[in-house]
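The values are calculated or read from the model by the stated rules, or taken from the named source; none is laboratory data. Treat the numbers as computed from the prediction; the structure is a model and nothing was measured. Neighbour counts run over all protein chains shown; Cβ positions are idealised from the backbone, glycine included. To get the accessible areas, we keep the full protein, side chains included, count just its heavy atoms, and leave off ligands, DNA and RNA. Shrake-Rupley method; radii C 1.70, N 1.55, O 1.52, S 1.80 Å.
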Amino acid sequence: MKGMIMMKRNGMRLLALLLCALLLTGCTGRENAPGEPEATLLPAASAAGAEKTTGYGWYFDTLVTLTLYGADENAINDALAACARYEQLLSKTVEGSDVWRINHAGGQPVTVDPETWEILRRAKEISAATEGAFSITIAPISAMWDFTGGTNRMPTDEARLAALPLVDDSVILLGEGCTVTVPAGVQVDLGGIAKGYIADQLAAMLAPRCMGAIISLGGNTYVVGDKPDGSYNTVGVQDPFAATGQLEGVLVCKNVSVVTSGTYERGFAGADGQWYHHILDPKNGLPAETDLVNATLVMTSSMTADALATAFIVVGSDRALALAQQMGVDALFITQDGRTLTTDGFVEKYGYMTYEAFIAR
Ligand code: ADP
Ligand code: MG
């Protein structure tokens, strides 16, 4: 992959991500965005003259960046506390979390938090809608890979093939009273959907407590309200062929989430020189062979966008475009050979322009 920069999870990466997050939230000063989506989280007051506060945290293996305008003094701390709580609930590696208990139940029913239950319900729906391209039961196989820890671990063909029959979201049984039952051996991994859910919850929680906010959890950004001067918010689409923070293009939006999944950020170059990325094809348990390097979705539900972006990478450009079009989802895709594809009306709706055009305007 040309110009691929592999970032390690260390201070440099954190700094780069931080710079990226700051870059991604510039302001265009445009008067209006044509065909802007319905405001669902619009705070009542104008954000003019509002004080800006920022907060950072490291959760879900991801830098969380909060930028709030006119927020009450506890808003940042409350939001970061919510992140900590969701990590305790949803991480598969935190012993005693809901997901950990499901994965270690040996076929027995487990009672989970209503929020966990709701995420599982939605994950199953999206799995069905994408014919399994999105499958949270990828867990036994995703656990065999190490894409970010530096060990570059990968499964043997034997181990991978033996675990494949365990990948099937339809076997997850959701019962009364928030019970979850999976057959012994089946495990779930919410890495492809949890950050979207959390972005939605943070947006809903912060909207009434501030005049505007940019909530960023790695590839999930939620834009709440306006900038203090009344101008619109811009969100950058990462250039998949350049260093973190360098943008391919810029879109304008508010009260929606912009979610990106990519094959370039988390992964490693194998001894064979091949790039092994973290989005797996549930059909074979290998990094998805796809012509897409970036799928960027704009939706009011960050959770749905998160899961669909992952699925769209798996299915490749033709099916991804067809599915997005059919589902009425606004999407932009960047292909391995450098083409940008969008669903109908995307460019007009979000005033999408290349980064060069944006800085030259
Ligand atoms: P990120 O977490 O970097 O934003 P994604 O939203 O695309 O990226 O989610 C990728 C994560 O989801 C992986 O790290 C893994 O935990 C999980 N995953 C990988 N492949 C799939 C898949 N096909 N379906 C569902 N989850 C997946
Ligand atoms: Mg995802």
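Structural remarks
- Local electrostatic count, Val186, Cβ distance below 12 Å [Lys/Arg +1, Asp/Glu -1]: -3
- Rounded to the nearest 20 debye, the dipole magnitude of the stretch 66-142 is 380 debye, with +1 charges on Lys and Arg beta carbons, -1 on Asp and Glu beta carbons, and the Cα centre as origin.
- With protein chains left intact and a 1.4 Å probe, residues in the chain average 42 Å² of accessible area per residue.
- Across all directions, the average projected area of the convex hull around the alpha carbons of the stretch 253-337 is 6.0 nm².
- Computed from the alpha carbon atoms alone, the convex hull of the stretch 52-145 holds 142 Å³ per residue.
- Carbon and sulfur %, accessible surface of the chain computed with the full protein complex present, 1.4 Å: 53
- Burial order of peptide ranges 54-65, 254-265 (average beta-carbon count within 10 Å, highest first): 254-265, 54-65
- Candidates Cys253, Cys83, Cys178, ranked by Gaussian network fluctuation over the chain, Cα under 10 Å, top entry: Cys178
- Expressed as a fraction of 2.2 N^0.38 Å, the C-alpha radius of gyration for the stretch 209-361 is 1.05.
- With helices as the sole contributors, the chain gives -9500 deg cm²/dmol at 222 nm; each DSSP H run of n ≥ 4 counts as -39500 (n - 2.57), and the sum is divided by every residue.
- Cα-based convex hull volume of the stretch 98-201 per residue, rounded to whole Å³: 108
- Check: the stretch 241-361 dipole with +1 on Lys, Arg Cβ and -1 on Asp, Glu Cβ, in debye: 300
- Glu176/Ala143 FRET efficiency (R0 25 Å; Cβ-Cβ; nearest 0.05): 0.25
- Each label point was placed 7 Å from the Cα along the Cα-to-Cβ direction; for Ala271 and Gln246 their separation is 3.1 nm.
- Here each label is just a point 7 Å from Cα along the line to Cβ, and for Asp78 and Ala322 those points are 4.7 nm apart.
- Kirkwood-type radius of the stretch 120-279, with distances r between different C-alpha atoms, in Å: 18.3
- Computed with the Debye formula from one identical point scatterer per Cα of the chain, without solvent, the log10 of I(q)/I(0) at q = 0.11 Å⁻¹ comes to -0.73.
- Local charge for Gly316 was computed over the other residues whose Cβ lies under 14 Å away, with Lys and Arg +1 and Asp and Glu -1, and equals -3.
- Student exercise, the chain dipole from Lys, Arg, Asp, Glu Cβ charges, in Debye to nearest 20: 520
- If you plug the beta carbon distance of Arg361 and Arg209 into 1/(1 + (r/R0)^6) with R0 = 30 Å, you get a FRET efficiency near 0.35.
- Fully extended contour minus Cα-Cα distance, from Thr111 to Asp229, at 0.36 nm per residue: 37.8 nm
- Length-normalised contact order of the chain in % [C-alpha pairs under 8 Å, at least 6 apart]: 22
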